[in-house]
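Coordinate-derived values only; no laboratory data. Model, not experiment: these values are computed from the prediction. Ideal geometry is used to build each Cβ from the backbone, glycine not excepted, and the neighbour counts take in all protein chains shown.
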Amino acid sequence: MTDTRKPILVVDGLARAFGGVHAVEDASFSVERGSVTALIGPNGAGKTTTFNLIAGAIRPDSGTVVFDGRHLEGRPAHEVARAGMMRTFQLPRTMAAMTVLENMMLGSVDHPGESLGGTLLSRRRTKQHEKMLSERAASLLSTVGLAEKAAEYGGVLSGGQHKLLEIARLLMAEPTMVLLDEPLAGVNPSLGEKIMDLVHRVRDERGTTFLFIEHDMNTVMTRADAIVVMARGQVIATGSPSAVQQDPAVIEAYLGGSTHE
Ligand SMILES: Nc1ncnc2c1ncn2[C@@H]1O[C@H](COP(=O)(O)OP(=O)(O)O)[C@@H](O)[C@H]1O
Ligand SMILES: [Mg+2]
């Protein structure tokens, strides 16, 4: 039974060093279920490493990650995905020689239980299942505004369309929570608005929780329900956009404490 009052994600004392570099050092924060939460901080603060640790791309040296009531620290990425947590990468990955619809169908392989589909389902049920998946794909493509591109090759999409496709593709697996690493990087402002509209629509319609890394303060302040601020591998503040904006530690990290940005 899911307790909707409890945070969906609780990260506690997370740490990971690379050689002598303490990329993440004792990071603790939580994310409310159904929220759109931003993870911000100067370059090199440890944001992407935190995502990699949560998503199972790398293992923590210490600390815990509890997602939906389950300990996931140190678990491999496919297990994290199966638990309902999906992530995008800083650079979208689209198969250029497959159609947009086929790219979408690839997204369903991480769906909980579906790896057994081919062996356990009868041919007729497999067909029905494929039909259901292609309908889901078509519906998600129209949600992100790519319905007209369904039959075109992935390779013809613009940079921004790749990003929309990547988000739509991971939604094929019906994740409970999505990690987006700089979804607006290199995107023009109007497409950035579209991506954030999409995030909010999916949250409103499906209750999906989003944690996104973003640099643009205007976007973060207007589009996030809550903000987690990292600096030098640690979480230095969490709270509402207005509270975080006035936090002296945050101002110091951005203006004084960092040589970046
Ligand atoms: N695989 C790695 N090997 C060595 N150093 C790394 C590695 N990944 C990240 N780092 C270092 O860890 C620190 C945090 O990096 P990162 O998590 O990418 O920060 P952010 O995403 O906040 O910009 C940086 O100093 C970075 O150079
Ligand atoms: Mg990063």
task: Obtain the nm distance between the two label points defined at ASP61 and ASP12 by a simple spin-label model: each point lies 7 Å from its Cα along the Cα-to-C-beta direction.
output: 2.1
query: Can you give the Rg to Rh ratio of region 9-255, both from alpha-carbon atoms, with Rh computed by the Kirkwood formula?
result: 0.99
- request: Work through the residues other than LYS47 whose Cβ is under 12 Å from its Cβ and net out their charges, Lys, Arg +1 and Asp, Glu -1.
  value: -2
query: How high is the relative contact order of region 9-255, given as a whole-number percent (alpha carbon pairs under 8 Å, six or more residues apart)?
result: 29
Phi to ³J(HN,Hα) by Karplus 6.51 cos²θ - 1.76 cosθ + 1.60 over region 58-68, Hz, x for Gly, Pro: 9, 9, x, 6, 7, x, 10, 10, 10, 10, 6
query: Longest segment of the chain with no trypsin sites (Lys or Arg not before Pro) in a DSSP loop having at most 15 other Cβ atoms within 10 Å?
result: 94-261
Distance from region 140-202 to region 72-86 (C-alpha centre basis), Å: 22
field: Within the chain, percent of DSSP bridges classed antiparallel, to nearest 5
entry: 55
Per-residue [θ]222 nm for the chain (sum of -39500 (n - 2.57) over DSSP H runs n ≥ 4, rounded to 500): -11000 deg cm²/dmol
